[in-house]
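Asks: Mind having a look at this structure? Questions to follow.
The values are calculated or read from the model by the stated rules, or taken from the named source; none is laboratory data. Everything numeric in this text was worked out from a predicted model, so none of it was measured. Glycine gets a Cβ as well: all are built from the backbone with ideal geometry, and neighbour counts include every protein chain shown. In case anyone asks, the SASA skips ligands and DNA or RNA and just uses the protein heavy atoms, side chains included. Shrake-Rupley method; radii C 1.70, N 1.55, O 1.52, S 1.80 Å.
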Amino acid sequence: LIRPVGETYLFQHPEECKKRFTPDQWEAFKKDVSWFESTARGGYWENMQQDHGYNPPPVWTAEGKLFSNIAPAGDGFFKILSLIDPILQAATLVMLGWAFGPRVMAVASVFWGCNAAANFYWTGGAFLRQDWIFLLVSSVCLARKRKFALAGAALTWSSLLRVFPIIAFAGWVIVMGIHLWKKRKIHPDHLRVIGGCIVCAGLLIPTSIVVSGAESYRE
């Protein structure tokens, strides 16, 4: 629910928030918030206060923290952070060209530039919003090139970043199921996919727990 801050526990009992910070972290946090307010003052800042809160999965939290903790909030640093997503977008097209050729890459670039859900409004002002789609597309490209362990790892990583890419596992399940039903054994390439998934999850999930806490998955 969107409510005036004066009606929330953060205003009535600020210690509930402050206890999560060391004194130095609290001062750094205040400086960051002050910078955001001064640069976004007006309607943009007011709209930011109506956002429903932080909701990325724990693996993204670990990834985002790695980049965002490099420097305090500031104009120069944020311009550097803003370069990450265009690089990921370009890398996505490069992966398609590598795996499927220039024609597919060209069609994908036209679709990516014209689809209604990819306008600036949805992702502008954030960073690392294109990581999941880079990994999702890379998974398909790696499978095309028969690098199955890496394909499984990329799809697992993408799913841990945004959850919904997990739908793409349905394709693998169907293919594996048909082969298992016909041959009564698992194909070696399918084992490589499964192995890549296990290794990736085995690395990223514990790392995210260390960074975000075990309760982050329940929350």
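Asks: Scan the stretch 91-117 for residues that are under 22 Å from Ser158 (Cβ atoms), at pLDDT 95 or above and open to solvent by 50 Å² or more (accessible area, probe 1.4 Å) and jot them down.
Replies: Within the stretch 91-117, Val94, Trp98, Phe100, Val104, Met105, Val107 qualify.
Asks: If you take the residues of the stretch 67-88 that are open to solvent by less than 100 Å² (accessible area, probe 1.4 Å) and among the charged types (D, E, K, R), which of them is farthest from the chain's Cα centre (by Cα)?
Replies: By that ranking, first place goes to Asp75.
Asks: Test Trp26 against the stated conditions and say whether it is in contact with an Asp or Glu (Cβ under 7 Å, 6 or more places away or on another chain) and either hydrophobic (A, V, I, L, M, F, W, C) or on the phi > 0 side of the Ramachandran plot (or both).
Replies: For Trp26, the condition - in contact with an Asp or Glu (Cβ under 7 Å, 6 or more places away or on another chain) and either hydrophobic (A, V, I, L, M, F, W, C) or on the phi > 0 side of the Ramachandran plot (or both) - is not met.
Asks: Check the stretch 84-100 and report whether any residue there is without any contact (Cβ under 8 Å) to a residue 60 or more places away in the chain and outside any helix (DSSP H, G or I).
Replies: no
Asks: Could you tell me which residue of the stretch 120-133 is modelled with the lowest pLDDT, considering only residues that are outside any helix (DSSP H, G or I) and open to solvent by 50 Å² or more (accessible area, probe 1.4 Å)?
Replies: So, considering only residues that are outside any helix (DSSP H, G or I) and open to solvent by 50 Å² or more (accessible area, probe 1.4 Å), the one modelled with the lowest pLDDT is Gly125.
Asks: Read through the list (1) charged (D, E, K, R); (2) farther than 26 Å from Ile194 by Cα; (3) touching a residue at least 12 places away in the same chain (Cβ under 8 Å), then give the number of the only condition that Asp131 fails.
Replies: (2)
Asks: In the stretch 13-57, what count of residues is obtained for those that are open to solvent by 100 Å² or more (accessible area, probe 1.4 Å), closer than 25 Å to Glu215 by Cα and part of a helix (DSSP H, G or I)?
Replies: Summing the residues that are open to solvent by 100 Å² or more (accessible area, probe 1.4 Å), closer than 25 Å to Glu215 by Cα and part of a helix (DSSP H, G or I) in the stretch 13-57 gives 2.
Asks: Moving on. Anything in the stretch 173-219 that is of a type outside the set (Ser, Thr, Tyr), part of a helix (DSSP H, G or I) and in contact with a helix residue (DSSP H, G or I) (Cβ under 6 Å, 6 or more places away or on another chain)? List them, or say none.
Replies: Listed by number, the residues that qualify are Met176, Asp189, His190, Arg192, Val193, Gly195, Gly196, Cys197, Cys200, Ala201, Leu204, Val211.
Asks: Read through the list (1) on the phi < 0 side of the Ramachandran plot; (2) modelled with pLDDT under 90, then give the number of the only condition that Gly53 fails.
Replies: (1)
Asks: Please determine whether any residue of the stretch 136-145 is out of contact with any Phe, Trp or Tyr (no Cβ under 6 Å at 6 or more places or on another chain), open to solvent by 50 Å² or more (accessible area, probe 1.4 Å), within 29 Å of Phe67 (Cα to Cα) and not aromatic (Phe, Trp, Tyr).
Replies: Yes, that holds for at least one residue.
Asks: Now, a different point. Of all residues in the stretch 134-168, how many are of a type in the set (Lys, Arg) and either modelled with pLDDT under 95 or closer than 22 Å to Ala62 by Cα (or both)?
Replies: Result for the stretch 134-168: 1.
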